[in-house]
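First comes the structure, then the notes that go with it.
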Amino acid sequence: SDEGGATADPSTTAPGAAQSVSVQVLTPYLANAATKEVIDLFQADGEKRGWDVSVVDTAGDMSKLNSAFQDAAAQKPDAIVLGTGDPTQISLGLKAAADAGVPVFAIDAGAADGIVANVTSDNADLGKKSAEALIDAMGGKGAVVMLTHDPHPGVRARAEGAKKTFEDAGITVLEAKHVEVPGPVENARASVQDIMSARADEVTGIWGGWDEPALGAVQALEAAGITDVPVVGVDGQDFALAEIEKGGPFVATVKQDWPAIATKVADLVEAKVVDSKDPETNNFELPGSLITGK
Amino acid sequence: MANGDVGDGRAEPVKATAVLATRNLSKDYGPIRVVAEVSLDFHAGSIHALLGENGAGKSTLIKMIAGVLQPSDGTVEVDGVPVRFRSVKEGQAAGIVALPQELMLVPTLGAAENIFLGMRRPGLPGLLGRRRLTADAQEQLARLGQTFNVNTPVAELSAVQQTMVALARALAREARVLVLDEPTAALTDTETELLFSVLRGLRDRGTAIIYVSHRLEEVFALADTATVLRNGQHVWTKPMGQTRHDEVVASMIGRAPEQEFPPRATSDGEPVLRVTELSGWTLRGVSVQARSGRVLGVAGLAGAGRTELLRLIAGVERPQGGTVELDGIDITRSSVARSMAAGVVLVPEERRRQGLVMNASIATNIGLGSLKALSSGGVMQPHRERSLARRQAEELQIRATSVLQDVAELSGGNQQKVVLGKYLARTPRVLLLDEPTRGIDVGTKSEIYHLIRRLTADGVAVVVVSSEISELLGLADEVAVLHEGRLAGIVDAASTDQQTILHLCYGRLDA
Amino acid sequence: MTATTTAGPQRAPHRRSALPARLASYGTLLGLLVLIMLFTVLDEKGIFLTAGNFTNILEQVAVLAMVASVQTVVMVVGDFDLSVGALASLVGVLVAQLLTAGVPVVPAIAAGLAAGLLAGAINGFLVAYLGLSAFIATLAAMTSFTGLALLLSNGATIFGLPAGFVALGQGRLGPVPMPVIIALALAVMVWFVLSRTVLGRQWYAVGGNAEASRLSGVNTRAVRFSAFLVSGLGSALAGIILTARLASAHPTAGDPLMLSSIAAVFLGVTLSRVGQPTIGGTAVGLGIVGVLGNGLNLLQVNSYVQQVLTGLIIVLAVSLSQIVRRRR
Amino acid sequence: MTATTTAGPQRAPHRRSALPARLASYGTLLGLLVLIMLFTVLDEKGIFLTAGNFTNILEQVAVLAMVASVQTVVMVVGDFDLSVGALASLVGVLVAQLLTAGVPVVPAIAAGLAAGLLAGAINGFLVAYLGLSAFIATLAAMTSFTGLALLLSNGATIFGLPAGFVALGQGRLGPVPMPVIIALALAVMVWFVLSRTVLGRQWYAVGGNAEASRLSGVNTRAVRFSAFLVSGLGSALAGIILTARLASAHPTAGDPLMLSSIAAVFLGVTLSRVGQPTIGGTAVGLGIVGVLGNGLNLLQVNSYVQQVLTGLIIVLAVSLSQIVRRRR
Ligand SMILES: Nc1ncnc2c1ncn2[C@@H]1O[C@H](COP(=O)(O)OP(=O)(O)OP(=O)(O)O)[C@@H](O)[C@H]1O
Ligand SMILES: Nc1ncnc2c1ncn2[C@@H]1O[C@H](COP(=O)(O)OP(=O)(O)OP(=O)(O)O)[C@@H](O)[C@H]1O
Ligand SMILES: [Mg+2]
Ligand SMILES: [Mg+2]
């Protein structure tokens, strides 16, 4: 639709099985451990297939993420992979990729125009599973505090899933506390400390939107000597698993199946780039697996 | 104490009502009344001198007149009508323009912009009109004999040039009442004469001029009327022709003046400091010696390199050539700290920029030069600091509520005394003084001269830079004269006169 | 480097000619030029030094340039505005909410700009008239604005904005992206006011010495107040264009603009002769920020290493120009 | 009669008794006291005004207090240190890596503190000796430190730290949490140096007028350098204690400390008579930050509204003390 010069020049990029495939991963959240993990897995997987995979992080800056798309598009890689992040905020970047004829895939982001396929855990399901684990640990009744971060779409979707689950089970949500980033552990720790001194008699469980605030909550509870308030997180990070192992207030987390997600994306990229095959759908949701101490 | 009868001096006959008057004007700082019920009349076409010791309240009075400070009591009248200026802007609108004692320039802007800052200008409203601004500024400065680049940031100008910018700013506003607070403190005799002819011209065209200075000869040469203030109170107002130097001094300090200059050195002393072929930015191969027990004066026109000479000796700047030796040891490239430790102490010329930490107390400022002596094991000993400060305050007659008062609250002359107090607290081998008595009242000046002589009696070698040749003649043993960075000659102070030194300043070696 | 010139009566008066001064301000470009050369050499694919890539760089810094322009004004008067980023976010959310509620584009933008003016007026009032330190006042404002943006958006991204609005951020005029044109227009306006008008001189004067300005009859309060007004307006504009560029509003989208805008201005100051903010200096600062990000991305440097390098390179660039200046 | 006297010993020397000065510095507490009263009244459950809750508040600001103490020093000499938070993160990651690699607690901590000193020395060198603006130098350092922390941790949280180490952050001495004791010790040390030693005098003097200090024989470069050394050391300590408190290290855990520490110091300055940073002022600033967060949490104010209120209340508290001061 633009001027002719802006579209891909077929003579230079003719990806075939013999040629090396180049993939650029762009992410705003590389400082987040889960994001880092899945991107590392994808990179390793790609390199095993003989691809050239590079990663660019914009440290939470969405405007820069669009710029990174433009920069990447200028280099005309065989594919761009969006590593988490809200696709509604990068329409400009997606447009630049489309203009350059570079297909875009997404890991754990969202389906959107301009994205060939998104592979993600079902965040609402993660929320639901973690909430169910918490309800279970509370003995089916009580009142919870949710630690949330709505600006992050994934965490927001989890929180919505969890909230619905709590409501359906007749559990009161006393408070949805916004956790600040960076510094979520410390911030959650202070908030939970204050909440527990104000309403220790009401709170019977704490739901963490991801593992870090859950860890902060666990520490606040341990410092206050409270042992009967269970905490759950989401993500299944190593430290969360270790906490669950210890048998303290941290009772469960939901591990996303990062290796499966990474492999799925790599498969889709290979199908598109090497075999020019489009995926059957533009959104793949893989289930997460609940991890508890039991 | 009524207003003096005014106006039968050298000025043109004056109008009956004063253009500007104060009525029981007072200013309090806490419990202290620094200006007490002063009532004065200022007339068109007359130069009215305000005289008084440091801290007498001259600047405070002026600030209330100009709208810088709000009076605690009393009123200011313009053409007999009481007014109240809530800002300088309002004062200027009424035709009252003041040159503050401390040069108030914007260092990052050029002379042109400083001169016309806050003034309504012709041309398209809101636009700067740079070309016209430059031309007008050049014209204003030319009146004062200045031809430097008006677009150079004023921070890069010399002290004299900065004073000229401030004066040009005051003159450009074509005031009905022009108030000048020690305009000549940083000027040499040459610029002073230029300024005076401009002021006389203004007076003759009907401007009322209020003039503050501690240089009494100037006042007698220029003013038509004199007012003496003491402790914030009006002592008397007289036509200049009806009073004498002695009387002015006596009523300023409340007692008879003593001998101004102490006796000179009696011995030849040892050469302590040897400066050989020193060169810098303007300085070209200057060689001088400072001898123990003696005072070496340094004279020169503005920009002759006097300040630079002292700064190079003290290690403030790096010389481009030449050596400085102290007791035979080369100290040419040492830092200020090391020079000071070796015994070379420089009292800088600009008190606010180079001399004082304004938001700190008198004691802190005085102590800053002697931290080692005032501490043990790196821990300050506040009692030592306070007693040192009190000693210096007494010796230099610093007028303050206590040594814990912030220096920002002191009068200009008293701030200068704090600077002196800081450096005189060291026991130097060589004392370098750059315009040490700038802004200091006549009474204290002679105290300082005596103090300098007490130091030389202990064997200190003193070098004094001063723009007042009379001061150098009275105080120094020898006077070295610089002309455009070169040494024009060294003369014996006792056997020479102003003319000879002036000739040398202008580079005429026939003298 | 404080070079006082002599003006003895009989001496050549113009010791310091205009030339070195001009060289000095060209010298500010040095760090940037070295960077550009470096990337040109290192970039084997030859993408870096193309018109398309430079358009990209310009587009990438355009929104930041708007904020940096008005931050320059605030820093000229000697203050900071820490609330610029939060205000951009807030105005973006506000305008997006209005648009999705069906308000037409022009009134929605007008409302956003008005909100920016109001925010600037609040900051200006606190700093200039109540005498709060700019740091505290604008930090408090930043906190409140962020809270408001989160409240107004309920913490979520707002999208589905009309195409006419999105074109402001994503459209082009010929080959030039719209945000670049808007940023340039704003920068030129600020440049003009700063260097050609009385108000600009007063901003510089108040920043150089507020007391001296007051004693010259400048209404220093009004002058400082006006700088914050400009800052509020410019940040609002940046927030609107950012929203159009992202085709969505996010309650924290503008936050990174705060530190980056101050950094760009400071980079410019570091590189300038008199140590004062200027639009030219800020432009060079923006250039360094933009070229560095783009160049390192093109070289596909590991993201974490990229951060380490960014810091190192900025220090080197600034030190370089510092050392060159001393030599002169 | 006017009552000004010479400051000589023979005249009544202390006209300005210590009392008004002391009242003025008590006055700095006003905003904080009003806040405390407010929360005491609003908190119906009576939790706010209990020893337990005050211990909580102290514990919550302890790590910030360490950083704010050393930030006070840097601000006394007239600079900023923007790298404090990133350095705390980096040192936390470093120490945690050493500990998980089996290095015993004491050498690991020593290595962390040494890294902090080194970082401070770099900042100090850039600012004091190369003459870079503190903003640029420490901003660049911040970027590089963050990159290093991410590299060193591979972006992940490091956990599984030995109990002996964790006790530093989670243990108590009697009823007082360890971090509070450490913060207090650091603050007292900084207070002592600032107000009782030659070095402290020199820090204040250089901040007040660097040129005058140099001409008084102060080695201004060394003095500025030393302030950054202190800052590096203190930030490292804060990073270590933060890591112990969280029993884990995260590459961005310390980041929020930067802005908060500057804010605490500035709050102290704004509220104090002399317009200079002091440890006392910073403590009050920390108090306001801590009480505000805790109080609003206890009142169960919505998180977003809480942010809006935080900004508003800070402005009110500062304005209040400003107005009261003018009255006096
Ligand atoms: N802000 C202030 N607070 C307290 N006292 C002050 C303040 N400003 C000035 N003073 C005092 O007012 C008195 C008068 O000061 P002023 O500056 O008017 O003296 P002056 O006559 O101009 O002296 P000088 O010849 O030294 O310039 C001084 O004792 C000074 O300490
Ligand atoms: N480092 C420097 N850089 C630039 N110019 C310098 C430097 N050092 C000195 N100068 C110039 O040399 C001149 C020497 O003047 P200096 O200040 O020594 O003069 P002065 O005789 O003391 O006169 P004044 O009465 O103006 O102080 C200065 O006016 C200044 O212009
Ligand atoms: Mg005075
Ligand atoms: Mg001089």
Largest first and to the nearest Å, give the Cα extent of chain B along each principal axis. 69, 52, 45
Calculate, for the stretch B:125-269, the solvent-accessible area per residue in square angstrom, rolling a 1.4 angstrom probe over the heavy atoms of the protein chains. 38
With the label 7 angstrom out along Cα to Cβ, how close does C:Val176 come to the same site in each of the other copies, in nm, nearest first? 6.5
Would you mind computing, in nm to one decimal, how far apart the modelled labels at A:Glu245 and A:Ala169 are, each placed 7 Å from Cα along Cα→Cβ? 2.6
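To check you understand DSSP bridge types, tell me what percent of the beta bridges within the stretch B:58-196 (both residues inside) are antiparallel, rounded to 5. Provide the component values of the computation, followed by the final result.
Working: 4 of 8 bridges.
Roughly 50 percent of the beta bridges in the stretch B:58-196 run antiparallel, per DSSP.
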Calculate for chain B the 222 nm mean residue ellipticity that helices alone would give, adding -39,500 (n - 2.57) per DSSP H run of length 4 or more and normalising by residue count, nearest 500 deg cm²/dmol. -9500 deg cm²/dmol
Among the DSSP beta bridges whose two residues both lie in chain B, what percent are antiparallel, rounded to the nearest 5? 55
Per Stokes-Einstein, at 20 °C and 1.002 mPa s, what whole-number D in µm² s⁻¹ belongs to the stretch B:269-314, with the Kirkwood radius over Cα pairs as the hydrodynamic radius? 191
Please report the spacing between the Cα centers of the stretch A:91-111 and the stretch C:33-77 in Å, no decimals. 23
Residue (of C:Pro179, C:Leu296, C:Gly207) at the positive-pole extreme of chain C, dipole from beta-carbon charges: C:Gly207
How big a patch of accessible area, both sides summed and in Å² to the nearest 100, lies buried between D and C at a 1.4 Å probe? 3400
Those residues in the stretch D:193-212 that give up at least 40 Å² of accessible surface, probe 1.4 Å, once the partner protein chains are present instead of the chain by itself are D:Arg196, D:Val198, D:Arg201, D:Asn209, D:Glu211, D:Ala212
Per DSSP H run of at least 4 residues, take -39500 (n - 2.57); add these up for chain A, divide by its residues and hand me the 222 nm value, nearest 500 deg cm²/dmol. -14000 deg cm²/dmol
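Give me the accessible area buried between chains A and D, both sides summed, with a 1.4 Å probe, in Å² rounded to the nearest 100.
Protein heavy atoms only, the A-D interface buries about 2600 Å².
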Using DSSP, restrict attention to beta bridges with both residues in the protein assembly as shown and report what percent are antiparallel, rounded to the nearest 5. 45
Karplus-derived 3J(HN,Hα), 6.51/-1.76/1.60, for each residue of the stretch B:451-458, Hz, glycine and proline x: 4, 4, 5, 5, 5, 5, 4, 7
Averaged across B:355-366, how many Cβ atoms of other chains sit within 10 Å of each residue's Cβ atom? 4
Above 25 angstrom, tally the Cα pairs of chain A and express them as a % of all pairs, no decimals. 49
Accessible surface of the stretch D:29-327, 1.4 Å probe, proportion on carbon and sulfur as whole %: 73
Toward the positive end of the charge dipole of the stretch B:356-422, about the Cα centre and with charges on Cβ (Lys, Arg +1; Asp, Glu -1), which of B:Gln415, B:Thr401, B:Gly369 goes farthest? B:Gly369
Points 7 angstrom from Cα along the Cβ direction at D:Leu117 and B:Thr17: gap in nanometres? 7.7
As an exercise, identify the GluC sites (Glu not before Pro) in the stretch B:127-217 lying in DSSP coil whose Cβ has no more than 16 other Cβ atoms within 10 Å. B:Glu174
Accessible area drop of at least 50 Å² (1.4 Å probe, protein heavy atoms): which residues of the stretch B:142-158 qualify, relative to the chain alone? B:Asn149, B:Glu156
Counting alpha carbon pairs within less than 8 Å and at least 6 residues apart, what relative contact order, in whole percent, applies to chain C? 33
Among trypsin sites (Lys or Arg not before Pro) in the stretch B:49-157, those in a DSSP loop whose Cβ has at most 11 other Cβ atoms within 10 Å are B:Arg84, B:Arg86, B:Arg120
Debye, to nearest 20: dipole size of chain B, +1 on Lys, Arg Cβ, -1 on Asp, Glu Cβ: 1380
Dividing the surface of the Cα convex hull of the stretch C:29-327 by four yields a projected area in nm² of 16.6
At a Förster radius of 60 Å, what calculated FRET efficiency corresponds to the Cβ-Cβ distance of B:Arg86 and A:Thr227, to the nearest 0.05? 0.35
Karplus-derived 3J(HN,Hα) from phi for the stretch A:71-87 (6.51 cos²θ - 1.76 cosθ + 1.60, θ = phi - 60°), whole Hz, x at Gly and Pro, runs 4, 5, 4, 4, 8, 6, x, 6, 7, 10, 10, 8, x, 6, x, 8, x
Cleavage-rule hits, GluC sites (Glu not before Pro), the stretch A:185-294, DSSP coil, Cβ neighbours within 10 Å at most 13: A:Glu280
Radius of gyration and Dmax for the stretch B:356-422's Cα atoms, expressed in Å? 11.0, 35
To the nearest 100 Å², how much accessible surface do chains D and B hide from each other in total, with a 1.4 Å probe? 3300
Taking the Cα centre of the stretch C:29-327 as origin, work out the dipole magnitude from +1 charges on Lys and Arg Cβ and -1 charges on Asp and Glu Cβ, in debye rounded to 20. 660
Can you work out the Karplus-derived ³J(HN,Hα) for every residue in the stretch C:216-225? Use 6.51 cos²θ - 1.76 cosθ + 1.60 with θ = phi - 60°, whole Hz, and x for glycine or proline. 8, x, 7, 7, 4, 5, 4, 5, 5, 3
I'd like the residues of the stretch B:379-395 whose 1.4 Å-probe accessible area shrinks by no less than 40 Å² going from the isolated chain to the full set of protein chains. B:Val379, B:Met380, B:Arg390, B:Glu394
Distance between the C-alpha centers of the stretch B:106-165 and the stretch D:175-203? Whole Å please. 50
Which lysines have a Cα less than 23 Å from the Cα of A:Lys272, not counting those fewer than 8 places away in the same chain? A:Lys48, A:Lys76, A:Lys95, A:Lys264
On average over all directions, what projected area in square nanometres does the stretch D:240-328 have, based on the convex hull of its Cα atoms? 7.2
For the protein assembly as shown, the fraction of alpha-carbon pairs in successive 20 Å shells from zero, as %: 9, 34, 33, 18, 6, 0
Once you keep just the Cα pairs under 8 angstrom separated by 6 or more residues, what percentage relative contact order results for chain A? 18
What whole-number value in Å² describes the accessible area per residue of chain D for a 1.4 Å probe? 36
Cα-centred dipole magnitude for the protein assembly as shown, charges only on beta-carbon of K, R (+1) and D, E (-1), debye, nearest 20: 4140
When the Cα atoms of the stretch B:396-452 are enclosed in a convex hull and the volume is divided per residue, what value in Å³ results? 82
Accessible area per residue of chain A at 1.4 Å probe, in Å²? 35
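The values are calculated or read from the model by the stated rules, or taken from the named source; none is laboratory data. What you are looking at is a predicted structure, and each value in this text was computed from that prediction instead of being measured. Ideal geometry is used to build each Cβ from the backbone, glycine not excepted, and the neighbour counts take in all protein chains shown. Surface accessibility is based on the protein's heavy atoms, side chains included, excluding ligands, DNA and RNA. Shrake-Rupley method; radii C 1.70, N 1.55, O 1.52, S 1.80 Å.
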